[in-house]
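Notes to accompany the following structure.
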Amino acid sequence: MTDRPDLLLGGTPTARRFGLLNWLGLLTFFRREMARGFKIWKITLAAPAIRAVLFASVFGLAIDGPDATMGGLPFMTFLVPGLITVAVLERAFESAAFSIVYDKTEGIFGDLAVLPLTPGEIVFGFAAATVTGSLMVAAVVTAALFPFVGLLPENPGVLVFFVVIGALMIGLFSQIAGLWAKKWDYINSVQTFIFLPFVFFSGVFFALDSLPAAIRPLAQANPVFYVVDGIRYGMTGQAEADPVFGAFVCIGVTAFFWAVSYRLFSVGYRMKS
């Protein structure tokens, strides 16, 4: 016989107290997002590693040589951190955005509005899953690319910081894009015409000094450039910009995206449409 009257037929329900955070709900939400992303591990883990290896192989055959350098580094040493960054940021963008749009197309995204989670907890849950998944992708891609240059991190702490802040920044942007998108065509257009141009014009495949002087300020105004440059500094110990300045740029952009995402979830933007 239970001593919980609220569990008995005809008993009086009682309100559950969650405290400052609903840890159980947040953990459950996090686990759902992680399970959803890596249930298809061949796409989320194996595919980025294979793609990075193909890029490295093609560029290695076409460009790499004893005299091939970029940004003061041997070309492949310069390239590998960029390929890691691309894999991390692509996973970060796909994580929340694809999850949100999938739920919208299935007609279940509005269920978030009735969960016992605050807007801040929802934003944090998506962000935590994004960062965790991106760190896993970074580890797998780094291991896959190791045979090309045998590159070990010069500054592991800096490397982890920029992987985390880069994944968080793009992951929050992906939440905003996912909320805006009504269907897959919308999110694919954001990925093609906004996300990918920012990524590929961020110094992944080229150094700033290889650009015309008139274009360099545009590259330096791209926040993704500081993610790439920071990861490259963490891997090689060499950067084109001050890593401290780059860290502050990334933190500022991340804080802005967090505020926007929090506001959109708070007002229920397109959560029931």
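Counting residues in the stretch 117-197 as N, plug N into 2.2 N^0.38 Å and put the Cα Rg over that result.
Here the answer is 1.32, to two decimals.
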Quick one: if you take sqrt(5λ) for each eigenvalue of the C-alpha gyration tensor of the stretch 126-166, what semi-axes come out, biggest first, whole angstrom?
21, 13, 5
For residue 113 and residue 68, FRET efficiency with R0 = 45 Å and r from the beta-carbon atoms, rounded to 0.05?
0.25
So what is the relative contact order for the chain, in percent, with contacts set as C-alpha pairs under 8 Å and at least six apart?
25
Shape descriptors of the stretch 146-193 over alpha-carbon atoms, Rg and Dmax in angstrom, are 16.1, 44
Nearest-0.05 FRET efficiency for residue 139 and residue 40, computed from C-beta distance (R0 22 Å)
0.75
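To one decimal place, what Kirkwood hydrodynamic radius in Å is obtained for the stretch 49-118 from all pairs of distinct Cα atoms?
One over the average 1/r among Cα pairs gives 15.2 Å for the stretch 49-118.
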Over all distinct alpha-carbon pairs, what is the Kirkwood Rh of the chain in angstrom?
20.1
In what sequence, highest mean first, do 25-32, 130-137 appear when ranked by Cβ atoms within 10 angstrom?
130-137, 25-32
Place a point 7 Å from the Cα of residue 186 in the direction of its beta carbon; the residues of the stretch 85-104 whose amide N falls under 17 Å from it are 94-104
Listed by chain and number, the residues whose amide H is under 5 Å from that of residue 70, excluding neighbours fewer than 5 places away on the same chain and using placed H, are 75
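Highest mean first, what order results for 205-213, 43-51, 231-239, 81-89 on Cβ atoms within 10 Å? Don't skip to the end; give the middle numbers.
Values: 205-213: 13.6, 43-51: 16.9, 231-239: 22.0, 81-89: 26.7.
For the peptides 205-213, 43-51, 231-239, 81-89, the packing ranking is 81-89, 231-239, 43-51, 205-213.
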With springs only between Cα atoms under 10 Å, which of 147, 119, 74 fluctuates most in a Gaussian network model of the chain?
147
Under a point spin-label approximation (7 Å from Cα along Cα-to-Cβ), what is the residue 57-residue 210 distance to one decimal in nm?
2.2
Anything in the chain that counts as a DSSP H helix reaching 27 Å or more along its axis (C-alpha) with Kyte-Doolittle mean of at least 0.5? List them, would you?
75-105, 119-149, 156-180, 243-267
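Where a number appears in this text, it was derived from the coordinates with a stated rule and is not lab data. From a predicted model like this one, the values you see are computed outputs, not experimental measurements. A quick note on method: Cβ atoms are made from the backbone with ideal geometry, for glycine too, and the neighbour counts reach across all protein chains shown.
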